[in-house]
Amino acid sequence: MSKTAVVTGGTKGIGREIVEHLLKLDYHVVYSARSQPQQPIGSEQKSKFVACDARMRDSHFQLAKAAVDWTGKLDLYVNNAGFSQWKELADIDQEFWTMMMETNLSSTFWGMQAAAQNLRQGGAIVNISSLAGRRGSANNSAYCAAKFGVTGLTQALAKELGPKGIRVNAVCPVYILTESLEQSLSEPVAPAGGKDVPAYLKDFANSQAALMRLPTGKEVARAVAFLASDEASAITGQSLNVDCGVMPV
């Protein structure tokens, strides 16, 4: 039987890759963003877009309800909405800190809360975290704090929701070349130092990745699908690195 999933931040980048991959696996997918994409993803029979702000608690309950009203069930909730931006400690103000926490951490918490009340037994939550949720890096304190928080939520809710038959895991990608990441890396304070971003990523892969390459959005999507599948039925509370061996654990 076809399963039903919700994917936040699903119109571009990693989120879009996740939506497209789940559709290939015959999921019905409700996907969201603050603005509607120029072209719908998939067919009206298999996918449904809902405009909402993932930072808002009510938005997640709206998404979960849309899924249940549409297909009568919810099997998977993917908290993907988020963004990265480097900033030196002295330059972080209240507005920046709040924006990073609301977008990367609060959105994940509210999504997990809404999912927990709507997922049926055997359902799964997958949070898109980051390698920044496993180790700190310079000029990245706010983002790292938010993503370390996602790791903590993943572990805590795995314990809390396990008795209900709901599994909770996270995926931690290293750099995935998206328009948003390229823009962030282009800033002078970012690791690329405002220089050629593709050249920086190539050097990073050659020097830091065991496979001497970086993962793709499709590979992140496949990891999400695996963690949601019956093949991962004994896996919960884990944060899986998808990093081509940048940080073996």
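The values are calculated or read from the model by the stated rules, or taken from the named source; none is laboratory data. Predicted, not measured: the structure shown is a model, and the values here were computed from it. Cβ coordinates were reconstructed from backbone atoms using ideal geometry, including for glycine residues, and neighbour counts include every protein chain displayed. Side chains are part of the model used for accessible areas, which takes the heavy atoms of the whole protein and leaves out ligands, DNA and RNA. Shrake-Rupley method; radii C 1.70, N 1.55, O 1.52, S 1.80 Å.
Excluding same-chain neighbours fewer than eight residues apart, the lysines reachable from Lys195 by a Cα-Cα span under 19 Å are Lys87.
Nearest 20 debye, what's the magnitude of the dipole of the chain about its Cα centre given +1 on Lys and Arg Cβ and -1 on Asp and Glu Cβ?
Dipole size: approximately 620 debye.
With all protein chains in place and a 1.4 Å probe, the accessible surface of the chain carries 51 percent carbon and sulfur. As a length-normalised measure over Cα pairs under 8 Å and 6 or more apart, the relative contact order of the chain settles at 20 percent. Computed over the Cα atoms of the range 175-249, pair by distinct pair, the Kirkwood hydrodynamic radius stands at 13.9 angstrom.
Applying a DSSP loop filter and a limit of 13 other Cβ atoms within 10 Å to the chymotrypsin sites (Phe, Trp or Tyr not before Pro) in the range 29-90 leaves nothing. (i) 28; (ii) 48; (iii) 38: which one is percent of Cα pairs over 28 Å apart as calculated from this entry? Evaluating percent of Cα pairs over 28 Å apart on these atoms matches (i). Near the amide H of Thr4, within less than 5 Å, lie the amide hydrogens of His28, Asp75, Leu76, all on another chain or at least 5 residues away, with H placed in the peptide plane.
The P(r) of the range 105-148 has a tail past 12 Å containing 64 percent of all C-alpha pairs. Computed over the chain, the per-residue total of -39500 (n - 2.57) for DSSP H runs of n ≥ 4 gives a 222 nm mean residue ellipticity of -12000 deg cm²/dmol, rounded to 500. Translational diffusion coefficient of the range 21-99 at 20 °C, 1.002 mPa s, Stokes-Einstein with Kirkwood Rh over Cα pairs, in µm²/s as a whole number. So the translational diffusion coefficient is about 146 µm²/s. Straight Cα distances below 20 angstrom link Lys202 to the aspartates and glutamates Glu179, Glu182, Glu187, Glu219, Asp243, with same-chain residues fewer than 8 positions distant left out. Other residues lying with their Cβ under 15 Å from the Cβ of Gly133 contribute a combined charge of +2, Lys and Arg counting +1, Asp and Glu -1. For the range 10-148, what's the relative contact order in percent, using C-alpha pairs closer than 8 Å and at least 6 residues apart? Rounded, it is 23 percent for the range 10-148.
Could you give the length gained on full extension between Met247 and Gln117, defined as 0.36 nm per residue of separation minus the Cα-Cα distance, in nm?
Details: separation 130, 0.36 × 130 = 46.80 nm, distance 3.45 nm.
Taking Met247 through Gln117 to full extension adds about 43.3 nm, to one decimal.
Keeping every protein chain present and rolling a 1.4 Å probe, give me the accessible area per residue for the chain in Å². Could you put the intermediate results ahead of the total?
Working: 11790 Å² over 249 residues.
Accessible surface, normalised per residue, equals 47 Å².
In a DSSP loop and with at most 10 other Cβ atoms within 10 Å, the GluC sites (Glu not before Pro) in the range 22-98 are Glu44. What number, in percent, do you get for the relative contact order of the range 70-118 if the mean sequence gap of Cα pairs under 8 Å and at least 6 apart is divided by its residue count? Computed over the range 70-118, the figure is 57 percent.
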